[in-house]
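The values are calculated or read from the model by the stated rules, or taken from the named source; none is laboratory data. Note that this is a predicted model, so its numbers are computed, not measured. When we count neighbours, we look across all protein chains shown, and the Cβ atoms used for this are built from the backbone with ideal geometry, even at glycine.
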Amino acid sequence: GEWEDMEIIEEVIKVNGGEDIVLPVRITRHGPIISDIRDDTKDVLAMRWAAQEPSRVLQSAILLNQAQNYDEFREALRYWDVPSQNFVYADVEGNIAYQMPGLIPIRKNGNGVVPVPGWNGEYEWEGWIPYEELPALFNPEKGYIVTANHAIVDEEYPNFITRDWASGDRGQRIVDMIEERLAAGQITQADLAAIQFDSYSLAADTYLPLLNNMDMSDPRVQEAVDILNKWNRQERREETAPVIFEIFLLKLYPAIVQDEIGQENVEKLQTRNNIFLHKIANEPMSPWWDNVDTPGRENREDILLQAMTEALDWLDENVPGGPDAWMWGDLHQAPFVSDPLGKSGVGPIEALVNRGPFPADGGNSLVNAMSWDLKNPAQVNWHPSMRMLVDMSNFDASQMVIPTGQSGHPGSPHYDDQMPLWLNGEYHPMLWSETAVQSAAADTLILQPGN
């Protein structure tokens, strides 16, 4: 190696009513120095990110809108640099396809999760994965494509893409439902609608059978297990079982790993634990089940009982009325907060623009994907922004729904009229042809240039 000087550029930040702030930014061949903004390190840290490269994503978007066939679709995505996405394709000729685009570095070593030495060349990026080698499918033999943020390559793929895949529960559940419906006959648009709103928990499939082996001497535990045994594993707002099971899962991960990795790391890792939880469930003798902070040796059922007891304690403290009064929709609610006015702190304004929260089906790692802050169970903080069903043989038969409404004006009847549809897994027509649109029009807005 040899010495390389940093490039220093000055960023000018305009301050309303004050003097400009001039911020010197030091840039290395590994990206800008970011340790200046951290107080917990003496090392000089640079961060390299594919998004720092000149982007051609707008060119890609234009070409996608102009594409007339699969070849043009795939060529358009050659220019989609960042962020990488899961793109699916269908056309009126019956073709289906998948493409993952993006600038993905070929790493000499490492996976980008932790800082590495930047001075010895052992962790350099050696170019980008060629576009032709990125994951793609065209008319797969099974006749369908499923993508739900799960791993799209296996261990045989020669390059590292990421370690932060979704658990795979959503993707597997979609595959299971498609295969079940295909075995019974031709799949319909109504079937696809039901799939999009499905709230079945594969984590429940893994853990409910194990709970029957716990010590049931606590009547509360026995009652909870009885409720779970009668559950169809759909996380619906009117059900009691999801309340018990989701808080049980919330307590289970710390019960397994906190003694080994510490509370701080539990909080960092808990949102991505389903792969681990599925795996460890089938390893009753794993050392993870033992609590290293106690003199004895705990087994799987001991830790399951601990998590269940802690879950019931939490519910008794935070959800009054006992199991007869617990419903998933009382905990699992979706707020619709308008930004920025909905966070203004001015009550009348917030009441004007905000809606909800409303009891909602769904949950983590389900097809009907909802997420919530672990410190505020189980208030929804993100959810599906749109559901869409496209009929390639008759575009006027397509359907869609968004969580709120088409209008951004809180006084419009269309500001929030899609909320009941979205909450109940229903749709409205997504008309396509001019004839269909004209015949269904309730109002017409004409925009004309000035004279």
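Tell me yes or no: at least one residue of region 291-302 is assigned to a helix (DSSP H, G or I), more than 26 Å from the chain's Cα centre (by Cα) and surrounded by 17 or more Cβ atoms within 10 Å (Cβ to Cβ).
Checked region 291-302: at least one residue is assigned to a helix (DSSP H, G or I), more than 26 Å from the chain's Cα centre (by Cα) and surrounded by 17 or more Cβ atoms within 10 Å (Cβ to Cβ).
Please determine whether any residue of region 15-31 is in contact with a helix residue (DSSP H, G or I) (Cβ under 9 Å, 6 or more places away or on another chain), in a loop (DSSP other than H, G, I, E, B) and surrounded by 14 or more Cβ atoms within 10 Å (Cβ to Cβ).
Scanning region 15-31, I find no residue that is in contact with a helix residue (DSSP H, G or I) (Cβ under 9 Å, 6 or more places away or on another chain), in a loop (DSSP other than H, G, I, E, B) and surrounded by 14 or more Cβ atoms within 10 Å (Cβ to Cβ), so the answer is no.
Taking GLY322, is it surrounded by fewer than 18 Cβ atoms within 10 Å (Cβ to Cβ), more than 28 Å from LEU423 (Cβ to Cβ) and small (Gly, Ala, Ser)?
Against the criterion (surrounded by fewer than 18 Cβ atoms within 10 Å (Cβ to Cβ), more than 28 Å from LEU423 (Cβ to Cβ) and small (Gly, Ala, Ser)), GLY322 does not qualify.
Got at least one residue in region 372-388 being modelled with pLDDT under 95, on the phi > 0 side of the Ramachandran plot and either within 20 Å of the chain's Cα centre (by Cα) or loosely packed, with under 14 Cβ neighbours inside 10 Å (or both)?
Checked region 372-388: no residue is modelled with pLDDT under 95, on the phi > 0 side of the Ramachandran plot and either within 20 Å of the chain's Cα centre (by Cα) or loosely packed, with under 14 Cβ neighbours inside 10 Å (or both).
Could you please tell me which pairs satisfy a Cβ distance under 6 Å, a separation of 6+ or placement on different chains, a first residue in region 387-404 that is without any contact (Cβ under 8 Å) to a residue 24 or more places away in the chain, and a second residue that is acidic (Asp, Glu) and in a strand (DSSP E or B)?
Here the result reads none, with nothing in region 387-404 linked to a residue that is acidic (Asp, Glu) and in a strand (DSSP E or B).
Out of all the residues in region 193-210, is one or more modelled with pLDDT of 95 or more, under 30 Å from ILE106 (Cβ atoms) and touching a helix residue (DSSP H, G or I) at 6+ places or on another chain (Cβ under 7 Å)?
Taking every residue of region 193-210 in turn, none turns out to be modelled with pLDDT of 95 or more, under 30 Å from ILE106 (Cβ atoms) and touching a helix residue (DSSP H, G or I) at 6+ places or on another chain (Cβ under 7 Å).
So which residues in region 272-283 are assigned to a helix (DSSP H, G or I) and surrounded by 13 or more Cβ atoms within 10 Å (Cβ to Cβ)?
ARG272, ASN274, ILE275, PHE276, LEU277, HIS278, ILE280, ALA281
Are any residues in region 55-83 without any contact (Cβ under 8 Å) to a residue 12 or more places away in the chain and not in a helix (DSSP H, G or I), and if so, which ones?
ALA67, GLN68, listed by residue number.
Go through (1) closer than 30 Å to ALA194 by Cβ; (2) in a loop (DSSP other than H, G, I, E, B) and name the single condition PRO357 misses.
PRO357 satisfies all of (1) closer than 30 Å to ALA194 by Cβ; (2) in a loop (DSSP other than H, G, I, E, B) except (2).
If I ask for residues that are under 28 Å from the mean Cα position of the chain (by Cα), part of a helix (DSSP H, G or I) and loosely packed, with under 13 Cβ neighbours inside 10 Å, which ones from region 36-51 would you list?
ALA51
Which residue pairs have Cβ atoms closer than 8 Å, lie 6 or more positions apart in sequence or on different chains, and pair a first residue in region 363-380 that is closer than 14 Å to GLY425 by Cβ with a second residue that is surrounded by 15 or more Cβ atoms within 10 Å (Cβ to Cβ) and aromatic (Phe, Trp, Tyr)?
Qualifying pairs under 8 Å: LEU366/TYR200; VAL367/PHE197; VAL367/TYR200; ASN368/PHE197.
Quickly run through region 411-441 and pick out the residues that are part of a loop (DSSP other than H, G, I, E, B), of a type outside the set (Ser, Thr, Tyr) and within 27 Å of GLY329 (Cβ to Cβ).
Across region 411-441, the qualifying residues are PRO413, HIS414, ASP416, ASP417, GLN418, ASN424, GLY425, GLU426.
Pick out the one residue from PRO242, PRO219, PRO209, PRO158 that is under 30 Å from LEU103 (Cα atoms) and of a type outside the set (A, V, I, L, M, F, W, C).
Result of the check over PRO242, PRO219, PRO209, PRO158: PRO158.
Out of everything in region 194-224 that is out of contact with any Lys or Arg (no Cβ under 8 Å at 6 or more places or on another chain) and free of Cβ contacts under 8 Å to residues at least 40 places away in the same chain, what residue ends up being nearest to MET177 (Cα to Cα)?
Ranking the qualifying residues of region 194-224, first place goes to PRO209.
Any residue at all in region 45-66 that is over 26 Å from ASN159 (Cβ atoms) and among the polar types (S, T, N, Q)?
Yes, region 45-66 has at least one match.
Quick check on region 325-336: of everything there that is in contact (Cβ under 8 Å) with a residue 60 or more places away in the chain and touching a Ser or Thr at 6+ places or on another chain (Cβ under 9 Å), which residue is farthest from PRO242 (Cα to Cα)? Before you say what the answer is, go through the steps one by one.
Filtering region 325-336 for residues in contact (Cβ under 8 Å) with a residue 60 or more places away in the chain gives 326-332, 334, 336.
Right, trim to touching a Ser or Thr at 6+ places or on another chain (Cβ under 9 Å) and you get 326-328, 336.
Working: TRP326: 9, MET327: 8, TRP328: 6, PHE336: 23 Å.
Checked region 325-336; the qualifying residue farthest from PRO242 (Cα to Cα) is PHE336.
Which condition breaks for VAL266 when tested against (1) of a type in the set (A, V, I, L, M, F, W, C); (2) within 23 Å of TRP165 (Cα to Cα); (3) buried (at least 17 other Cβ atoms within 10 Å of the Cβ); (4) touching a residue at least 24 places away in the same chain (Cβ under 8 Å)?
(4)
For region 406-451, how many residues meet the condition of being of a type outside the set (Ser, Thr, Tyr), closer than 27 Å to SER199 by Cβ and modelled with pLDDT of 95 or more?
Matching residues across region 406-451 total 14.
Here is a check on your reading of the model: is VAL22 more than 30 Å from TYR144 (Cβ to Cβ) and aliphatic (A, V, I, L, M)?
yes
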